[in-house]
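The structure appears right after this line, and notes come after that.
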Amino acid sequence: MPELPEVETIKNELLPQVKGCHFVGVSLLRPEVLRQPEASEFGPRLYGQRVEDIHRRGKYLLFHLSSGERLILHLKMSGLLLIRPSFAQVEPYTTAIFRLDDRKELHFCDRRKLGAMWLVEDENKIIGRLGPEPLDANFSPQVLSRSLGRHRVPIKALLCDQNLIAGIGNMYADEALFAACLHPLTKADSLSSQEVGRLHQAIQEVLERAIAGKGASTDTYRRPNGQLGSAHFEFQVAHRGGEPCYSCGILIERISIRGRGSYFCPNCQRGGLQGRLF
DNA sequence: ACCACAACCTGGCCGC
DNA sequence: TGCGGCCAGGTTGTGG
C-alpha cells in the first residue's frame, strides 16, 4: 500500500524520467478514475503540456505543468505508476496511459480501482486540508503535541488521520508506535511530553528508513521501473502477527482499531499503559 | 466539534 | 474441488 515512503520513492524515480517531457496523448481506459474535469476535456487540456516538476504532498503526487495547472494522482490501496516504452504491452487493470514525447509512456495501473486523478488549476481544493509533512523541518514535537492533545482517541487512529499528519498509513503508524514503545490503544491526549518526543523521533526515523529502502512491497507496490521496494524487510511489527518480536521474542499480536489491523509487541509496547488505556 | 462506521473495490484466503 | 463469505485499507460521506 503506497504511503509516504512509497509515494516519495515513486516521485524520486519518476522525476528524472519525465521532467521536461511533453504529454502527446492520453488514453483513459477507465474514465471513472478521473474526478475532475470531464473526460472529454482532459486530453485537450493535457496535450502539449510540459512536466516542469513533480512534488509529493502526503500520499498525493502532483505534476506541475507548464500552464501552471496540476495533474494530481492518488494511488490509494493498489495504484502503480510504471514507465514503459512506447507500445509496450498493457498490463491488466491499467486505468490510464500517458504518452510522452520521448517515446515513453506512463501507465497508471490499479487492481482495486480505488485510485483517483485530477487536473486542476488550484491544488488546494484537493490537498488543502492535509496536516503537516512529518519530514519537514517545521514538524516539531510541539506541532505533534498540539495535534494529539485535543483528541481522546487511540493514538494509532490519529497517526493515520491525514488532516493531522500527512502521509502516514496503517503500516508506518504501527512501526512508529513500536519504535516509540507505545501501545496503539493509548489515548492520544494522555501522552507525556517525553512520549510525544519519542513518537516524533520514531515517526521521522521510520519514514526515512523506509524511503532509503525504496518503499515496502508488502502487497502490490512496485517502483516505476517495476522493481520491488525493500523497506518491509526491516518491519518490526507490521504484518508480523504471530511471529516473535525481534527485540524480546514475545509473539506479535494483531488487534483491530477502527476496523484496521494493528500489529504490536505486547511486551515492548507497554508505554501508555499504567491505567491510561481505556 | 468530535467520533464511529459504511461504502468503494477485487484478489486471496478461510471454512465447509 | 468448489463455493460463499470475509479481509485488506485510504478516503469520503453520513449520521450520532
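Numerical summary
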{"item": "Residues within the range A:148-162 that are within 20 Å of the chain's Cα centre (by Cα) and part of a helix (DSSP H, G or I), tallied", "result": "5"}
{"item": "Every residue from the range A:133-147 that is outside any helix (DSSP H, G or I) and surrounded by fewer than 18 Cβ atoms within 10 Å (Cβ to Cβ)", "result": "A:Glu133, A:Leu135, A:Asp136, A:Ala137, A:Asn138, A:Ser140"}
{"item": "Options A:Gly215, A:Gly249: the member that is buried (at least 23 other Cβ atoms within 10 Å of the Cβ), at pLDDT below 95 and more than 23 Å from A:Leu144 (Cα to Cα)", "result": "A:Gly215"}
{"item": "Of all residues making up the range A:117-154, the number that are over 30 Å from A:Gln49 (Cβ atoms) and among the aromatic types (Phe, Trp, Tyr)", "result": "1"}
{"item": "Residue list for the range A:50-78, restricted to those being touching a helix residue (DSSP H, G or I) at 6+ places or on another chain (Cβ under 9 Å) and within 16 Å of DNA strand B (Cβ to nearest atom)", "result": "A:Lys59, A:His74, A:Leu75"}
{"item": "Residue list for the range A:197-229, restricted to those being acidic (Asp, Glu) and either outside any loop (DSSP other than H, G, I, E, B) or in contact with a helix residue (DSSP H, G or I) (Cβ under 9 Å, 6 or more places away or on another chain) (or both)", "result": "A:Glu205, A:Glu208"}
{"item": "Any chance A:Arg99 is in the same structural domain as A:Arg209 (by TED's automatic domain parsing) and not aliphatic (A, V, I, L, M)", "result": "no"}
{"item": "Considering residues of the range A:100-139 that are aromatic (Phe, Trp, Tyr) and under 22 Å from A:Gly25 (Cα atoms) only, the residue nearest to DNA strand C (Cβ to nearest atom)", "result": "A:Trp118"}
{"item": "Neighbours by Cβ (under 7 Å, 6+ apart or cross-chain): first from the range A:54-82, outside the structural domain of A:Pro16 (by TED's automatic domain parsing) and at positive phi; second of a type in the set (D, E, K, R) and part of a loop (DSSP other than H, G, I, E, B)", "result": "none"}
{"item": "Flag for A:Gln201 being away from DNA strand B (no atom under 16 Å from the Cβ) and modelled with pLDDT under 95", "result": "no"}
{"item": "Qualifying residue in the range A:79-94 (condition: over 28 Å from A:Asn163 (Cβ atoms), within 16 Å of DNA strand B (Cβ to nearest atom) and not in a loop (DSSP other than H, G, I, E, B))", "result": "yes"}
{"item": "Members of the range A:232-264 that are under 18 Å from A:Glu6 (Cβ atoms) and among the basic types (Lys, Arg)", "result": "A:Arg260"}
{"item": "Of the criteria (1) of a type outside the set (Val, Ile, Thr); (2) farther than 30 Å from A:Pro132 by Cβ; (3) in a strand (DSSP E or B), which one A:Asp53 fails", "result": "(2)"}
{"item": "Index of the failed condition, A:Phe139 passing every other in (1) of a type in the set (A, V, I, L, M, F, W, C); (2) away from DNA strand B (no atom under 16 Å from the Cβ); (3) farther than 21 Å from A:Val7 by Cα", "result": "(3)"}
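For (1) of a type in the set (Asp, Glu); (2) surrounded by 21 or more Cβ atoms within 10 Å (Cβ to Cβ); (3) at pLDDT 95 or above, each residue gets a yes or a no:
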{"residue": "A:Ser67", "(1), (2), (3)": "no, no, yes"}
{"residue": "A:Gly79", "(1), (2), (3)": "no, yes, no"}
{"residue": "A:Arg84", "(1), (2), (3)": "no, no, no"}
{"residue": "A:Val90", "(1), (2), (3)": "no, no, no"}
{"residue": "A:Arg103", "(1), (2), (3)": "no, no, no"}
{"residue": "A:Asp110", "(1), (2), (3)": "yes, yes, no"}
{"residue": "A:Val120", "(1), (2), (3)": "no, no, no"}
{"residue": "A:Glu123", "(1), (2), (3)": "yes, no, no"}
{"residue": "A:Arg129", "(1), (2), (3)": "no, no, no"}
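The values are calculated or read from the model by the stated rules, or taken from the named source; none is laboratory data. The shown structure was predicted, so the numbers you read here are calculated from the model rather than taken from an experiment. Neighbour counts run over all protein chains shown; Cβ positions are idealised from the backbone, glycine included.
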